Amino acid sequence: MGPSLLLSLLLLPASLQADSSKECNPNTDFGINQPASLSAPEGGSTCIFFSYFHCWELAKDPRLSIAIKRRDFHGEVIYNSTQRFIHKDYKNRISLDLRQGQNSGTLCIQNLRKEDENRYFCQVQVETLRDGKKVWQSIPGTKLTITEAAQMTTITKGPTTTVTTTTRDMNMETMVKVALPVAMFKTAILGLVVYLWWKRSKEEKSQWLSLE
Ligand SMILES: *[C@@H]1O[C@H](CO)[C@@H](O)[C@H](O)[C@H]1NC(C)=O
């Protein structure tokens with residue numbers, strides 16, 4: 001999101017210049033932008049942001065239709081905004097937030113499964129004023145990678161972690177058990193040395209006193 005935003009900001013002045021210097025060609029100047037790749041953990045969710053552009057004059061009722069395909073350019077449709085169609089593999093897990101005024105939208109897939117790992121293509125369809133129905137689609141699509149769930153990792157490594165923790169706790173306990181007597185022993189030795197030194201100096205002092 002960050003780099004793409006930066007990129008669009010960098011490209012903004014150039015596109016404005018292009019718009020003012022030359023006419024938009026309806027036959028070539030259309031397309032769809034969507035991220036090249038995304039990755040999300042299993043059980044998590046992901047959103048594919050897409051935006052489209054064209055320069056046809058739209059019909060009074062443009063009947064904008066957004067469809068999402070998977071696997072490849074001619075792959076099966078998994079979502080159709082006009083039919084309100086959702087492929088059975090994504091039932092209750094897909095939602096599309098369309099921002100018609102901004103020529104963009106966001107497709108979100110929740111509760112991700114390993115099988116969701118695929119390539120997703122956005123297709124736009126509109127009714128134009130003079131050129132009939134126009135349909136265009138992203139060519140590279142978005143490659144979605146499903147990573148191992150963080151929760152799953154914890155569960156898998158659970159017993160090991162527990163053992164490690166216990167061992168560490170035991171070590172800590174042992175260290176305390178050992179460290180405490182050692183400290184007490186050191187204190188006792190130090191006390192003895194100080195006492196002996198004090199006693200000797202006192203004896204010496206008394207010796208000197210008796211000598212005087
Ligand atoms: C989506 O549904 C509309 C309306 O039925 C249809 O015209 C359009 O071709 C469909 N899109 C795809 C990609 O199947």
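Structure summary
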{"read-out": "Qualifying residue in region 178-192 (condition: on the phi < 0 side of the Ramachandran plot, open to solvent by less than 70 Å² (accessible area, probe 1.4 Å) and at pLDDT below 65)", "value": "no"}
{"read-out": "Within region 40-146, strands (runs of 3 or more DSSP E) holding 1 or more residues that are within 11 Å of the ligand (Cβ to nearest atom) and either open to solvent by less than 60 Å² (accessible area, probe 1.4 Å) or farther than 17 Å from PHE30 by Cα (or both)", "value": "65-70, 77-80, 118-127, 133-137"}
{"read-out": "For ARG168: the one exception among (1) out of contact with any helix residue (DSSP H, G or I) (no Cβ under 8 Å at 6 or more places or on another chain); (2) at pLDDT 70 or above", "value": "(2)"}
{"read-out": "Members of region 21-39 that are among the polar types (S, T, N, Q) and either in contact with a helix residue (DSSP H, G or I) (Cβ under 7 Å, 6 or more places away or on another chain) or outside any loop (DSSP other than H, G, I, E, B) (or both)", "value": "SER21, ASN33, SER37, SER39"}
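The values are calculated or read from the model by the stated rules, or taken from the named source; none is laboratory data. Just so you know, these numbers come straight off a predicted model, no measurement behind them. Please note: Cβ atoms are built from the backbone with ideal geometry, for glycine as well, and neighbour counts cover all protein chains shown. For the accessible areas, the whole protein counts, side chains as well, though only heavy atoms, and no ligand, DNA or RNA atoms are used. Shrake-Rupley method; radii C 1.70, N 1.55, O 1.52, S 1.80 Å.
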